[in-house]
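The next block holds one structure in the form of structure tokens; read it before the comments.
The values are calculated or read from the model by the stated rules, or taken from the named source; none is laboratory data. This structure is a prediction, so every number in the text was calculated from the model and none was measured. With ideal geometry, Cβ positions are generated from the backbone for all residues, glycine too; neighbour counts draw on all protein chains shown.
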Amino acid sequence: MSQTQPQVQLATAHQLRFKQRINRALLGALVPFLVLLAWQVLGQQGVISSLLFPTPLRILNAGIRLIQTGELYDNIKISVLRALSGFVLGGSLGLAFGILVGLFRKTEKALDPTVQMLRMVPHLAIAPLFILWFGIGETAKILLIAKGAFFPLYINAFLGIRGVDNKLFDVTRVLGFSKWKQIIRLTIPGALPHILLGVRISLGVSWLGLVVAELMGSTSGIGYMMSDARQFSKTPVVFVGIILFAVFGIVADSAVRLLERKWLSWRDSYKGH
């Protein structure tokens, strides 16, 4: 009896956590469901313009047609590859420079003013210059996405390193840690919450950069599909593209949040009432 009691308590705890997840999911889906329902009813009644705001069922049918023709899959594959390529390039450089500037004050004085100046240049302002330099091929698009992905990781890596408690460095010096061991065992783990936040923001900015990149001159991708549909007044297809960007953005953000829960389980932070 004493052996089965902990098992029963563990099973009860699992059931409770499962119910809590279901309740959170239902609560999160409530508002979108009500919005879609109202949208469908108002569209069918002619209260809102069917040209500007096609009903959710028309949008769904447009998505099904795009799947059947294979056009949706091809454009999604190209867009995801562009977004990931730009994120990996810009994010890895941002992380490397952020760590470098965070660790060494001389590097901060030499590089940070230039980086901050470039950060203030908007995507739309630099897009024509990228077209002049690299044409309208893949290079310009990936570099434009990389530019956006660079800065959130750079800033958060820098802030995370500078936010590590200085007393911990005193402890590592007493323990005889080398500089490299301090970075690997203390600095990077201590900055990890900020770095993962930077990854989340960088992924979001990568999708925004993808929209700009594909709308500025492209013959493939979700952005191109939306631009082409706009020219022929295929508003449902435009909404399909918007929904795809939102879905992929949420999936990417959820993946990073899953890593946060796994890698930062040691934190005892406030989670709200």
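Quick look at the values:
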quantity	calculated
Some residue of region 175-183 being over 30 Å from Ile242 (Cβ atoms) and modelled with pLDDT of 85 or more	no
Check on Leu168, part of a helix (DSSP H, G or I), in contact (Cβ under 8 Å) with a residue 24 or more places away in the chain and surrounded by fewer than 15 Cβ atoms within 10 Å (Cβ to Cβ)	no
Test: residue in region 100-109 that is closer than 30 Å to Arg200 by Cβ, among the aliphatic types (A, V, I, L, M), assigned to a helix (DSSP H, G or I) and at pLDDT 90 or above	yes
Subset of region 73-89 [out of contact with any Gly (no Cβ under 7 Å at 6 or more places or on another chain) and surrounded by 20 or more Cβ atoms within 10 Å (Cβ to Cβ)]	Ala83, Phe87
The one condition in (1) buried (at least 21 other Cβ atoms within 10 Å of the Cβ); (2) β-branched (Val, Ile, Thr); (3) assigned to a loop (DSSP other than H, G, I, E, B) that Ile161 fails to fulfil	(3)
Any hit, region 113-128, residues being of a type in the set (Val, Ile, Thr) and at pLDDT below 85	yes
Residue in region 132-153 that is assigned by TED's automatic domain parsing to the domain that holds Phe87, at pLDDT below 80, closer than 20 Å to Gly86 by Cβ and loosely packed, with under 12 Cβ neighbours inside 10 Å present	yes
Test: residue in region 183-199 that is assigned to a loop (DSSP other than H, G, I, E, B) and not β-branched (Val, Ile, Thr)	no
Among the residues listed as Leu175, Leu196, the single one being over 26 Å from Tyr224 (Cα atoms) and either in contact with an Asp or Glu (Cβ under 7 Å, 6 or more places away or on another chain) or buried (at least 23 other Cβ atoms within 10 Å of the Cβ) (or both)	Leu196
Selected residue [among the aliphatic types (A, V, I, L, M), modelled with pLDDT under 85 and surrounded by 10 or more Cβ atoms within 10 Å (Cβ to Cβ)] from Val47, Val41, Val35	Val47
